[in-house]
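Reviewing the structure listed below.
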Amino acid sequence: MSASAVPPAAPAPQPSPSPVGSTAFAPGCAVRREDFGRTPAGVPVERFVLTSPSGVSAAVLSYGAVLQSLRVPGPGGGGAAEVVLGLPDVPAYAGQGDYLGAVVGRYANRIRGGAFTLDGSVHRIPVNDRGNALHGGPEGFDRRVWAAEPVRRPDGAAAVRLSLVSPDGDQGFPGALSVAVEYRLDRDGTLAVDYRATTDRPTVAALTQHAYFNLSGRPGSRVLDHLLTVDADGYLPVDDAGVPLAGPPVPVAGTPFDFTAPHPIGERIAAADPQLSAAGGYDHCWALRGGAVGRGQVLRRAARLEDPGSGRVMEVWTGEPGLQVYSGNQLAGGGPHGRHTGVCLETQAFPDAPNRPDYPSAVLRPGEVLRSRTELDFPHLAPRTGP
């Protein structure tokens, strides 16, 4: 999830979350800290398991800030089942290129040609996707071991905060970028992901969470029958390399990209549409209604995903301008997850915004704070109580 760069504002007085060694939070909420092995270079990796009385649990790795597991009950208190695609160990994550569950950056999605100009200077990022820089280049944040600690919050939610410093020149990006990501699971089962970043030089920054969702709870099953709603009236057509074409968002009305009402993901995925043919399915950014509203905690719904078989429902709330829907078109061969066995709903800045002055800006300057929040709600468990 990328984030909107905004001047720092004076926060409302409230207790500050702080690291804790205890596993006790609000009644029924807890964080369990576990060893998860080592990277190929021998760096230790930890796993943090967040639980809540809703029956929802989440597991987060210090490697790549990965959401490795998200278990959600069915309607009526049915047994919890896995709803994200995960891997069993660190070597499996280090050896794959699908960004399963990772926080990606410095720049989520694609930068055309791996280059952009900022304040008159050209910056070049190593290309790793059809001549473009994808998700921050070949050694992005998904390949890093983050510092991680449980945090105690005033609301008692189970939470873990991960942080890293990306030095000046890292993958070609200017400025030292200090990043913090907090996963928070509350009593009702809402999983929030908060992002914060600052820089010491002008730079560009955009983060997102790259989980693949499958609400059925049946490993290996396809998500083509999942019902998807996207709260957007336009999307960004792309070229053969997945980079947005020139021009404004194109209306979705009358196209296979119209999810303003719920449709099965697979209903029109093979339609005779050049945009679908080029990507092998959906791998596009929708321009969400309201644009970039995500300053602090201003959220609106971006998408709703429902599995008719299990009855599980998930809503995605964000303040970001875009939602990248990726239908797992390249998930195939050599790994445990096959094609279309998961769908990504990546809240983010627009792709290639550093080269597109007509897009919401992704520039971050010294003295500004990049802030963003995305929340995953499960309304079949508890109704949402606020924006």
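Structure above, values below:
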quantity: Percentage relative contact order, the chain, counting C-alpha pairs under 8 Å, at least six apart; calculated: 21
quantity: Histogram of C-alpha separations across the chain, 10 Å bin width, %; calculated: 5, 25, 36, 26, 8, 0
quantity: The chain, accessible surface, carbon-and-sulfur percent (1.4 angstrom probe); calculated: 54
quantity: Values of log10 I(q)/I(0), in the order q = 0.16, 0.22 Å⁻¹, for region 225-300 under a Debye, Cα-only, solvent-free model; calculated: -0.62, -1.05
quantity: Span from the region 119-139 Cα centroid across to the region 314-352 one, whole angstrom; calculated: 20
quantity: Karplus-derived 3J(HN,Hα), 6.51/-1.76/1.60, for each residue of region 264-271, Hz, glycine and proline x; calculated: x, 4, x, 4, 10, 5, 9, 4
quantity: Average accessible area per residue (Å²) across region 72-142 - probe 1.4 Å, nucleic acids and ligands excluded; calculated: 35
quantity: Over region 22-128, equivalent-ellipsoid semi-axes from the Cα gyration tensor in Å; calculated: 34, 17, 15
quantity: Amide proton proximity set for GLY234, modelled H, under 5 Å, gap of 5+; calculated: VAL252, ALA287
quantity: Shape call, region 311-364: gyration tensor on alpha carbons, a/c limit 1.5; calculated: oblate
quantity: For region 336-345, Karplus couplings with θ = phi - 60° (6.51, -1.76, 1.60), whole Hz, Gly/Pro x; calculated: x, 10, x, 4, 6, 8, x, 10, 8, 10
quantity: Net charge, ASP239 excluded, C-beta distance under 11 Å - Lys, Arg +1, Asp, Glu -1; calculated: +1
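The values are calculated or read from the model by the stated rules, or taken from the named source; none is laboratory data. Note that the structure is predicted; figures quoted are calculated from it, not measured. Quick reminder, even Gly has a Cβ in these numbers, built from the backbone with ideal geometry, and neighbours come from all protein chains shown. Just so you know, the surface numbers come from the protein's heavy atoms only, side chains and all, with ligands and any DNA or RNA stripped out. Shrake-Rupley method; radii C 1.70, N 1.55, O 1.52, S 1.80 Å.
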